[in-house]
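Structure, as structure tokens:
Please treat every number below as a calculation from the coordinates, not as lab data. Since this is a predicted model, take the numbers as computed values, not measurements. Neighbour counts are summed over all protein chains in view; Cβ atoms, including those assigned to glycine, are modelled from backbone coordinates with ideal geometry.
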Amino acid sequence: MELIDRYLHAVKFWLPNEQADDIIAELSEDIRAEIEERESSLGRDLTTEEISGLLRERGRPVLVANRYLPQQHLIGPVLFPIYKFVLKIVALCYLVPWFLVWIGLIAAGADQGGTRGPHGWAATVGSMWGSLWFTAFISAGVVTLVFACLERAEAKSHFLRTWDPVKLPAVRNPRLISRASTGIELAVSMLVSVWWAENLSSPVVLHRPAATIVFAPWWNYYFWGFLSLSFAAAALACVNLMRPYWTAIRAAARLVLDGAGATLFCCLLKANILAEIVLPNVPPEKSHAIAAAINLWAARTLPAGVVVGVAIVTIDAFRVVRFRNLRPAPPAGFLNTVGRIDPPPQTSK
Amino acid sequence: MKPETFDHLRLELRRGCLVLAVLSALRAEQYGYTLRKILAEHGVEMDEGTLYPLLRRLENQGLLESEWREQDKRNKRFYRLTKDGKEMLKQLLVEWQTIDSALRAVMKEQRNGTDRPLPARG
């Protein structure tokens, strides 16, 4: 019987004080009644192993006690899907950009050429890694705390039960391209192309009494490269304006354009493109130093450029995959856009 | 079909019936262990981890009352229905019968409908 007392003591530990004695008395009586019945059917006392098996069947003390307690939760099933959604948004909009910036900063540190040596670089990685986790825990903790408060408020006021179906958001067609944004994109592409062609066709991009700026001879490649991309973007915007639905081909075209643009931009940052700056009242040596400093600054921003470029290309690639997996037929009506399955065509025998 | 899916659904189906079974069995006074045995004899298996918390909940809701009394030289807690409990049992039985007849009607219609061709689309 010592085993039963130990079991009951372990259960009692998890019970609220005001009910513990009452519950334990009843549980004790139930266990003893069961043992008595088994003993009378067997015609002998139960062995320690048999009592142990009987208690094992009843369950671990903490679980047995837990059944007597009211249901407890920090965030209940009503709010939990919203909580999960908000955590995803926080991860996507806060932690992922933070992580990308972190990669950029590490790369920039490495690019500056071991000013603190390999140990200093490792220390930077370590401290930033720790900082990322700290930020992640703080973010998740704050969101959890807010939702725990909301849960308490919801339990009292039931604010989630009052809602208006009329205020539900409109159904969004994943294929639809906003005509307004395409129109803006087209206008910007055209304006940039015209401005680019007007002002940057020659390596001497500025020739005024106040200043003269001359680019390196290889500027021509970049000039034509960016101009072609700008025209291509305008052409894609025209197509999107006429047929405002994403297709896998157009998504792939966007991927190629953005990938080429990002590559060209990153090359430009490293190209020492600024050949000469002439400023009145500034000695030539100082002008050269200014030009070199600007080129160096541009080269040092390369990691940030790479991070942004990779992020854009990743989003574009994700879009290509997404539209490859969607049904190919462009939607004709509202219901089709939300995934209605049309009835199969009637076949005659 | 996974066996655990069946177990889960069966548990859900039975959960709602347990209160009705306990209230019905307590029309006559019982203590926990005999109540569990009576239910088991009638096919309603309930482990003690489910039964005793349920009894406490029903008592807190005023549907049961209990009393510690000595029997066979041991203290036992006896449960019985209160006036509210009897009234609740009556209402729940009506509800149960409504659900039962509705389910029977649905199942009968489904059985008859399986041989019938599907109605043509309009």
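Within straight-line reach of residue B:83, meaning a Cα separation under 27 Å, sit the following lysines at least 8 residues removed in sequence or on another chain: B:37.
Take peptide A:27-36, look around each residue's Cβ out to 10 angstrom, count Cβ atoms belonging to other protein chains, and average those counts.
Mean shielding count: 4.
Rounded to the nearest 0.05, the FRET efficiency derived from the C-beta distance between residue B:9 and residue A:310 at R0 = 41 Å is 0.30. Modelled spin-label separation between residue A:317 and residue A:184, with each label point placed 7 Å from Cα along the Cα-to-Cβ direction: 2.8 nm.
Once the Cα-Cα distance is subtracted from the 0.36 nm per residue extended length, the residue A:21 to residue A:39 segment shows a gain of 3.8 nm. Per-residue packing, averaged as other Cβ atoms within 10 Å, sorts the ranges A:134-143, A:271-280 into the order A:271-280, A:134-143, beginning with the highest.
Modelled label positions at residue A:205 and residue A:263, each set 7 Å beyond Cα in the direction of Cβ, lie 2.2 nm from each other. Within a straight-line Cα-Cα reach of under 25 Å, residue A:156 can be paired with the following lysines, leaving aside sequence neighbours fewer than 8 residues apart in one chain: A:84, A:167. Amide H to amide H, with H built 1.01 Å from N, residue B:76 comes under 5 Å of B:69, B:70, B:71, counting only residues 5 or more places away or on other chains.
For peptide A:63-70, the mean count of partner chain Cβ atoms within 10 Å of a residue's Cβ comes to 3. Where a ≥ b ≥ c are the square roots of the eigenvalues of the C-alpha gyration tensor, would you call the range A:113-258 rounded, which needs a/c under 1.5, or, failing that, prolate if a/b is larger than b/c, or oblate? Since a/c reaches 1.5 but b/c is at least a/b, the shape of the range A:113-258 is classed as oblate. Under 5 Å between amide hydrogens, built in the peptide plane, is the criterion, and for residue B:31 it picks out B:79 among residues at least 5 positions away or on other chains.
Would chain A count as rounded, prolate or oblate if I go by the C-alpha gyration tensor, calling it rounded below 1.5 in a/c and otherwise prolate when a/b exceeds b/c, oblate otherwise? Taking the square roots of the gyration eigenvalues as a ≥ b ≥ c, chain A is prolate.
Across the range B:89-103, coupling constants 3J(HN,Hα) worked out from phi with the 6.51/-1.76/1.60 Karplus curve, θ = phi - 60°, read 4, 4, 5, 5, 5, 4, 4, 4, 5, 5, 4, 4, 5, 5, 5 Hz, and Gly and Pro carry x.
Tell me what chain A gives for mean residue ellipticity at 222 nm when only DSSP H runs of n ≥ 4 count, each as -39,500 (n - 2.57), the sum divided by the residue total, rounded to 500 deg cm²/dmol.
On the way: 13 runs with 235 residues, N = 349.
Rounded to the nearest 500, it is -23000 deg cm²/dmol.
Let me know the shape class of chain B, please: from the alpha-carbon gyration tensor, a ≥ b ≥ c as square roots of the eigenvalues, rounded when a/c is under 1.5, otherwise prolate if a/b is greater than b/c, or oblate. It is prolate, given that a/c is not under 1.5 and a/b is the larger ratio. Approximating the spin labels as points 7 Å out from Cα along Cα→Cβ, the residue A:85-to-residue A:292 distance works out to 5.8 nm. Counting only residues at least eight positions apart within a chain, or on another chain, the lysines with an alpha carbon under 30 Å from that of residue A:286 are A:270. The peptide list A:56-64, A:37-45, put in order of mean Cβ contacts within 10 Å with the highest first, becomes A:56-64, A:37-45. Residue by residue along B:40-50, Cβ atoms of other protein chains within 10 Å of the local Cβ number 2 on average. Under a Gaussian network description of chain A, with springs only between Cα atoms under 10 Å, the residue in A:80, A:231, A:159 that fluctuates furthest is A:159.
Once backbone amide H atoms are built at 1.01 Å from N, residue A:67 has no partners under 5 Å, excluding neighbours fewer than 5 places away on the same chain. Packing order of peptides A:237-247, A:188-198, highest average first: A:237-247, A:188-198 (average count of other Cβ atoms within 10 Å over each peptide's residues).
Mean-square fluctuations from a GNM of chain B, with a 10 angstrom spring cutoff on Cα atoms, peak among B:48, B:12, B:67 at B:12. The calculated FRET efficiency for the pair residue A:140 and residue B:111, based on their C-beta separation and a Förster distance of 35 Å, comes to about 0.10. The HN-Hα couplings worked out from phi for the range A:33-47 by the Karplus form 6.51 cos²θ - 1.76 cosθ + 1.60 (θ = phi - 60°) are 5, 5, 5, 4, 5, 5, 5, 5, 6, 7, x, 7, 6, 6, 7 Hz, whole numbers, x standing for Gly and Pro. Across the range A:168-180, rounded Karplus estimates of 3J(HN,Hα) from the backbone phi angles (6.51 cos²θ - 1.76 cosθ + 1.60, θ = phi - 60°) give 5, x, 5, 5, 9, 8, x, 7, 5, 9, 5, 5, 5 Hz, Gly and Pro being marked x.
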